[in-house]
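S.K.: First, the structure itself, so that you have it in front of you.
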Amino acid sequence: MLDQKLLLELETYLNDYFIMELEVCQSPKMMEECLEENSLRFELDAFIHHNKKPTLQEKLFQLIDEKGVTDADVYKKAGLDRKHFSKIRSKSDYRPRKNTILALALGLELDEDDTEELLESAGYSLSHSDTNDLIFKFFINKKIYDIDAVNEYLEYFSLKPIGSTI
C-alpha cells in the first residue's frame, strides 16, 4: 500500500519541478530550446530503454536459475573462491576480468551463444583472432567443461589459465 503522505510529497515535488521548467521556458526562443532539449531527452531515454540489455549480475544469476544449480556449484566448478563470487553477486558495478567470466561459463556448462551473451553483459566478446578465445571455444563446442583440462591446454600454448585470478 502506498504511503499517502509520501505520495502527496512526491506529487508536490513533481509539480514544483514542472512549474520551474515552465518558468525557465517563458520566452518563445527559450520555449523552443526547452522543447528540443526535452524531445532529445525523451528520445535518448526511449533509445536506452529499448536497447539496454541485462547487466553481468542479472545475466549470470538468470543463467544460474535457469540451470537449476547453486552458486556454490558454479563457483567451485569455475575454480573461483567464495569471496570472489560474493563480490560478483553483491557489487552491481563490479566487472570481473574476461577469464573469470570464461571460468563461470565453464562452471555453468554454457554453449557458445550463452557464453557470448554472458561476456557481452560485461563488455567482452570471444575473438577469432585470439588463441585463448579459440581454445576456449573449441572446448565449449566439444562440451568439455572441465576447467583443469582447459587450463592444461592453455598452459601448453603458454597462455594464462582461467578462473584463478581476480
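The values are calculated or read from the model by the stated rules, or taken from the named source; none is laboratory data. For clarity, every value in this text was computed on a predicted model and none was experimentally measured. So basically every Cβ, Gly included, is an ideal-geometry build from the backbone, and we count neighbours across all protein chains shown.
S.K.: Take the stretch 150-166 and flag every residue that is touching a residue at least 24 places away in the same chain (Cβ under 8 Å) and at positive phi.
M.R.: The answer is G163, and nothing else.
Yes/no per residue for (1) closer than 21 Å to K143 by Cβ; (2) out of contact with any helix residue (DSSP H, G or I) (no Cβ under 9 Å at 6 or more places or on another chain):
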| residue | (1), (2) |
| --- | --- |
| I64 | yes, no |
| K76 | yes, no |
| D81 | no, no |
| R89 | no, no |
| S129 | no, yes |
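S.K.: Can you pull out the residues in the stretch 134-166 that are in a loop (DSSP other than H, G, I, E, B) and of a type outside the set (A, V, I, L, M)? Spell out the reasoning first.
M.R.: Keep residues of the stretch 134-166 that are in a loop (DSSP other than H, G, I, E, B), which gives 142-146, 157-166.
Selection gives K142, K143, Y145, D146, F157, S158, K160, P161, G163, S164, T165.
S.K.: Given the residues V74, V69, which is the only one that is of a type in the set (A, V, I, L, M), in the same structural domain as K143 (by TED's automatic domain parsing) and not in a helix (DSSP H, G or I)?
M.R.: Result of the check over V74, V69: V69.
S.K.: From the residues in the stretch 77-108 that are under 15 Å from the mean Cα position of the chain (by Cα) and in a loop (DSSP other than H, G, I, E, B), which one is surrounded by the most Cβ atoms within 10 Å (Cβ to Cβ)?
M.R.: Only one residue tops the list, namely P96.
S.K.: Considering only residues of the stretch 138-149 that are within 13 Å of D114 (Cβ to Cβ) and free of Cβ contacts under 8 Å to residues at least 60 places away in the same chain, which is nearest to the chain's Cα centre (by Cα)?
M.R.: Start the filter on the stretch 138-149 by keeping residues that are within 13 Å of D114 (Cβ to Cβ), which leaves 140-141, 143, 145.
Now drop any that are not free of Cβ contacts under 8 Å to residues at least 60 places away in the same chain, which leaves 140-141, 143.
Numbers: I140: 21, N141: 23, K143: 24 Å.
By that ranking, first place goes to I140.
S.K.: Name the residue that is nearest to the chain's Cα centre (by Cα), counting only residues in the stretch 53-66 that are surrounded by 13 or more Cβ atoms within 10 Å (Cβ to Cβ) and in a loop (DSSP other than H, G, I, E, B).
M.R.: In this case the residue turns out to be T55.
S.K.: Then there's this: I'd like to know if the stretch 124-131 contains one or more residues that are of a type in the set (A, V, I, L, M), part of a helix (DSSP H, G or I) and surrounded by 13 or more Cβ atoms within 10 Å (Cβ to Cβ).
M.R.: No: zero hits.
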